[in-house]
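Written out below as structure tokens is the structure these notes cover.
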Amino acid sequence: IVRALLLRRLAQNEKLWLMEMSATIDPVQQAAYWNKEVPTKVYEIDGRTFPCERIEVSIGSGIELQGEGEIVDPEDSIHDWEERNALENMVEATVAQTVVDLITKQGRKGVLVFRPGVSEVEATAEAIMALVKRTLRLNSKQNRKANKDLPQKELDQLVAELREANPLSKLEVATIYGEMEYAERKVSTEKPKDGHVKVLIGTNVVESGVNIPWLDGGVTCGTGKQQVVREAGALSLELV
């Protein structure tokens, strides 16, 4: 609607300068639209690139919540239902595991995650937090088992120190998408606190995220929502 109104004003020879910016539209197609009334130029700005690794995920893989033959104690069983709900989707579970690996194995301090829509963003945030919670708990159990010969007080102190040293214990998770107010977006993109790591999960509204200085890694599932014109002329967003 805004484009149509502006095109009408340009057709009336108003002295109007217009700059349209987007990371997703087809610039050639859009320039043809404005060229109906005024000469139009297209500018392309390159961003920074990062080395990428392609990960193939087989159908049915995900987070194994309970190992074969593992006896789940009552404390664990309280958490498993919540974790199962958050990690039941293969895509969210795989993204969560990839993010955890980037932080714990590659030492990333700021990770950007692209998801195609608001529901996927929120689901991914829940999956990451659930997996982090589970990973920290399992690590504590493994540390207790490995140092079981220590006196109880020393063991408790050691496990607490190892948990505190784990970067996942100082993880901040933030989300960002188009429906958010500017103030909320600003808070989401703020750098993590000193000594913390941060994961920012967003839609294509944050495709210019390479300009956020604290980011040093990212994950995308290679999917996005694209506007499609149906035969009846109706517009539809489809996952591609």
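The values are calculated or read from the model by the stated rules, or taken from the named source; none is laboratory data. Quick caveat: nothing in here was measured; it's all calculated off a predicted structure. Note: ideal-geometry Cβ built from the backbone for every residue, glycine included; neighbour counts use all protein chains shown. In case anyone asks, the SASA skips ligands and DNA or RNA and just uses the protein heavy atoms, side chains included. Shrake-Rupley method; radii C 1.70, N 1.55, O 1.52, S 1.80 Å.
Observations
- The residues neighbouring residue 173, those whose beta-carbon lies less than 12 Å from its own, together hold a net charge of 0 under the Lys/Arg +1, Asp/Glu -1 convention.
- Which of 90, 19 is most accessible, then next, and so on - probe 1.4 Å: 19, 90
- Take the Cβ atoms of residue 105 and residue 133, set R0 to 25 Å, and the FRET efficiency comes out at 0.85.
- Whole-percent carbon and sulfur share, accessible surface of the range 161-240, 1.4 Å: 50
- Amide H to amide H distances under 5 Å link residue 199 with 111, 172, 173, 174, where only residues 5 or more positions off or on other chains count and H is placed in the peptide plane.
- The eigenvalues of the Cα gyration tensor, multiplied by 5 and square-rooted, give the range 167-234 an equivalent ellipsoid with semi-axes of 30, 14, 10 Å from largest to smallest.
- 13 Å beta-carbon shell around residue 190, net charge (K/R +1, D/E -1): +2
- Checking the Cα-Cα distances for 133/153; 153/193; 133/186 against a 29 Å cut-off, the pairs over it are 153/193.
- When 182, 33 are compared by accessible area at a 1.4 angstrom probe, the order from most to least is 182, 33.
- The accessible-area ordering, largest first, of the residues 25, 201, 55 stands as 55, 25, 201, per a 1.4 angstrom probe.
- Solvent-accessible area per residue for the range 85-240 (1.4 angstrom probe, square angstrom): 57
- Label sites at residue 180 and residue 91, each approximated as a point 7 angstrom past Cα along Cα to Cβ, lie 2.0 nm apart.
- Here residue 228 and residue 9 are evaluated by their C-beta separation; at R0 = 41 Å the FRET efficiency comes out at 0.90.
- Ordered from longest to shortest, the equivalent ellipsoid semi-axes for the range 1-55 are 32, 11, 9 Å, each the square root of 5 times a Cα gyration tensor eigenvalue.
- Surface exposure of the range 4-48, expressed per residue as accessible area with a 1.4 Å probe, stands at 93 Å².
- Coordinate range along principal axes, alpha carbons of the range 116-192, Å, largest first: 54, 22, 12
- Ordering 104, 143, 237 by the projection of their Cα atoms onto the charge dipole of the range 93-240, which places +1 on the Cβ of Lys and Arg and -1 on the Cβ of Asp and Glu, puts 143 at the extreme positive end.
- Förster radius 45 Å - calculated FRET efficiency between residue 194 and residue 26 (Cβ-Cβ, nearest 0.05): 0.60
- Our note on the geometry: Cα centres of the range 10-34 and the range 159-186, 38 Å apart.
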